[in-house]
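> What follows is a single structure, and I will ask about it in a moment.
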Amino acid sequence: MTPWEPTEAEAESIRMPQDEERELIEIELLLEGMHRLYGYDFRNYALPSLRRRIWHYVHAEGLKTISGLQERVLHDRAVFDRFIQNLSIPVTEMFRDPSLFRFFREQIIPVLRTYPYIRIWHAGCSTGEEVYSMAIMLHEEGLYDKARIYATDMNDRSLQQAKEGVYGIEKMKLYTTNYLEAGGTRAFSEYYTAKYNSVIFHPYLRKNIIFAEHNLATDRSFNEFNVIFCRNVMIYFNDELRNHVHGLFHESLSHFGILVLGSKESIHFTEFSDAYEPLDRTEKIYRKIK
């Protein structure tokens, strides 16, 4: 008879407790080493998602253990840099969730119009599509010249693409649809130039955008803001880190400042839930009241 060999899924299901404990120790040592040597802190990221990404990269490097990855990461900065890119996978699009941007245009913009100066922070901006969406909306509403948009992320490769404002032309059909559903008032193609298989957004949209590296887990507040966008970033954090980041945002928002979270996130069950009032529960838009 042919010896029985478990499938990958079966092998996963029959792992021994000591194997799970060993794996957890390996992950903790890897993350601790990265934090102490490079200053990147993933120790309070949600374990299931983090574990999947770590094992994906273990296999990508042709290794068999997390300890083997730790040895390479701690001794080869190039391996660490590649690993960081793997841990922070960008997922975004222009005017993502158009109803949110329509609400912002119709309900928040009139309030911002009364301010002499507007500061907006896009935390975890990824490759910048959300940032350019905000710039376009402010431009159409006549507010861009008195606004500063701070776009931050811990992934320097994503930030570089955001600075360049270059995206695949195949995405423009979806982005145009999103833009129109979000209340756009012009032809979306006015904002970019197409060349071969890419488009580049016009430089005037970057005029008042400041791109910078910022790690929500380790870096502190750097300004006071009227609006903070942080969408679908904290879904990868555990409760401790989530509370830490909400503390950072609370410290960074002006009184009556606006906090915009992702569709799968909430201010509830955090230490700061009573510091905000919901402006739209569906779109996860909140106003700081204390």
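> Among PHE80, PHE269, PHE95, which one shows the biggest mean-square fluctuation in a GNM of the chain, springs joining Cα atoms closer than 10 Å?
Its mean-square fluctuation being the largest, the pick is PHE269.
> Quick check: residue separation of LEU37 and SER273 times 0.36 nm, minus the Cα distance between them. What number comes out in nm? Before the final figure, lay out each step's value.
On the way: separation 236, 0.36 × 236 = 84.96 nm, distance 3.48 nm.
Between LEU37 and SER273, full extension yields an extra 81.5 nm.
> Mind giving me the FRET efficiency for LYS207 and ALA187? R0 is 25 Å, r the Cβ-Cβ distance, nearest 0.05 is fine.
0.75
> Can I ask one more? Working from Cα positions, state the angle (0 to 90°, nearest 10) between the long axis of helix 17-38 and the longest principal axis of the chain.
Computed tilt is about 50 degrees.
> Sticking with this structure for a sec: Given the DSSP H assignment, sum -39500 (n - 2.57) over each helix run of at least 4 residues in the chain and divide by its residue total; what's the result at 222 nm in deg cm²/dmol, nearest 500? Let's see the in-between values first.
Numbers: 11 runs with 118 residues, N = 290.
Estimated from H runs of four or more residues: -12000 deg cm²/dmol.
> Subtracting the Cα-Cα distance from 0.36 nm times the residue separation, let me have the gained length for GLU61 to ARG22 in nm, one decimal.
12.0 nm
> Which of LYS195/LYS264; LYS173/LYS264; LYS173/LYS288; LYS207/LYS284 have a Cα-Cα distance over 31 Å?
Violating the 31 Å Cα-Cα cut-off are LYS195/LYS264; LYS173/LYS288.
> Helix 66-75: angle to the longest alpha-carbon principal axis of the chain, degrees 0 to 90, nearest 10?
60 degrees
> Give, in nm to one decimal, the length gained when the segment between ARG281 and ASP81 is fully stretched (0.36 nm per residue of separation minus the Cα-Cα distance).
68.2 nm
> Hey, another quick one. Per residue, how much accessible area does the chain have with a 1.4 Å probe, in Å²? All intermediate terms of the calculation are to be shown ahead of the outcome.
Numbers: 14700 Å² over 290 residues.
Using a 1.4 Å probe on heavy atoms only, each residue of the chain averages 51 Å².
> On a C-alpha basis, how far is the centre of the range 249-290 from the centre of the range 181-218 in Å? Whole number, if you could?
So the two Cα centres are separated by 26 Å.
> Give me the percent of accessible area attributable to carbon and sulfur for the range 18-87, probe 1.4 angstrom.
C and S fraction of accessible area: 50 percent.
> Give a residue-ordered list of calculated ³J(HN,Hα) values for the range 182-191 (Karplus: 6.51 cos²θ - 1.76 cosθ + 1.60, θ = phi - 60°; whole Hz; x for Gly, Pro).
7, x, x, 10, 10, 7, 4, 5, 5, 8
The values are calculated or read from the model by the stated rules, or taken from the named source; none is laboratory data. What you see is a predicted model, and the numbers here were worked out from it, not measured in a lab. Methodologically, a virtual Cβ is constructed for each residue, glycine included, from the backbone with ideal geometry; neighbour enumeration extends over all protein chains shown. In case anyone asks, the SASA skips ligands and DNA or RNA and just uses the protein heavy atoms, side chains included. Shrake-Rupley method; radii C 1.70, N 1.55, O 1.52, S 1.80 Å.
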